[in-house]
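Novice: Structure incoming, see below.
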Amino acid sequence: MLFFSSQLILGQAGGGGGNPLTNPVSLLFFAAMFGVMYLIMIRPQQKQLQAHKAMLAGLVKGDEVITKSGMIGKINAITDRVVTLEVASGVKVRMLKDFIDRKWSPAAESAQSAKADKDKADKSDKDKDKAEEAKKAEEPKEGK
């Protein structure tokens, strides 16, 4: 009995144990899992990195950008690795080009925030209407 339980613990019971990686079905399963992980995680990240590199290559003097730390500035000078941003009149900051997160457009930013405000207002109006309908439904009906 002791011998049988030790075989179960070690995973050797049931004749054909062997290496699971030699089973073709197991190999196919692992290959499929790797393919799914590649498509879900690795490939989108590579595309995003390529798009960021293309954006960095297209930067020119005068572009307004946001850094990864959240600082907003206008490009005053640019080299292969270093960018000089003017963050306020007369205040210039040198930083590595890789730390530029994205281009910034104040007009697009204000339009986006206006749309978000409108959506928020529409949602609150719908919530008020639902609350009023619920209140009316709860009111007791007058007797005859």
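The values are calculated or read from the model by the stated rules, or taken from the named source; none is laboratory data. Being a predicted model, the structure only gives us computed values, none of them experimental. Cβ atoms come from the backbone with ideal geometry, glycine included; neighbour counts cover every protein chain shown.
Novice: In the range 96-106, which residues are aliphatic (A, V, I, L, M) and either in a loop (DSSP other than H, G, I, E, B) or in contact (Cβ under 8 Å) with a residue 24 or more places away in the chain (or both)?
Specialist: If the condition is that a residue be aliphatic (A, V, I, L, M) and either in a loop (DSSP other than H, G, I, E, B) or in contact (Cβ under 8 Å) with a residue 24 or more places away in the chain (or both), then Ile100 is the only one that fits.
Novice: Now for a different question. Just to be sure I understand, how many residues within the range 51-77 are within 16 Å of the chain's Cα centre (by Cα), not hydrophobic (A, V, I, L, M, F, W, C) and not assigned by TED's automatic domain parsing to the domain that holds Pro106?
Specialist: Going through the range 51-77 one residue at a time, the tally reaches 1.
Novice: Sticking with this structure for a sec: Do we find a residue being under 27 Å from the mean Cα position of the chain (by Cα), farther than 14 Å from Trp104 by Cβ and in the same structural domain as Asp98 (by TED's automatic domain parsing) anywhere in the range 21-31?
Specialist: no
Novice: Pull up the range 55-65, narrow it to residues that are closer than 14 Å to Asp98 by Cβ and not small (Gly, Ala, Ser), then point me to the one that is surrounded by the most Cβ atoms within 10 Å (Cβ to Cβ).
Specialist: Per the stated criteria, the residue is Val65.
Novice: For the list (1) outside any strand (DSSP E or B); (2) in contact with a strand residue (DSSP E or B) (Cβ under 8 Å, 6 or more places away or on another chain); (3) aliphatic (A, V, I, L, M), I need the number of the one condition that Val93 fails.
Specialist: Condition (1) is where Val93 drops out.
Novice: I would also like to ask the following. Name the helices (runs of 4 or more DSSP H) wholly within the range 1-90 that hold at least 3 residues that are modelled with pLDDT under 90?
Specialist: 2-10, 24-37
Novice: Could you tell me whether Ala114 is surrounded by 10 or more Cβ atoms within 10 Å (Cβ to Cβ) and assigned to a helix (DSSP H, G or I)?
Specialist: yes
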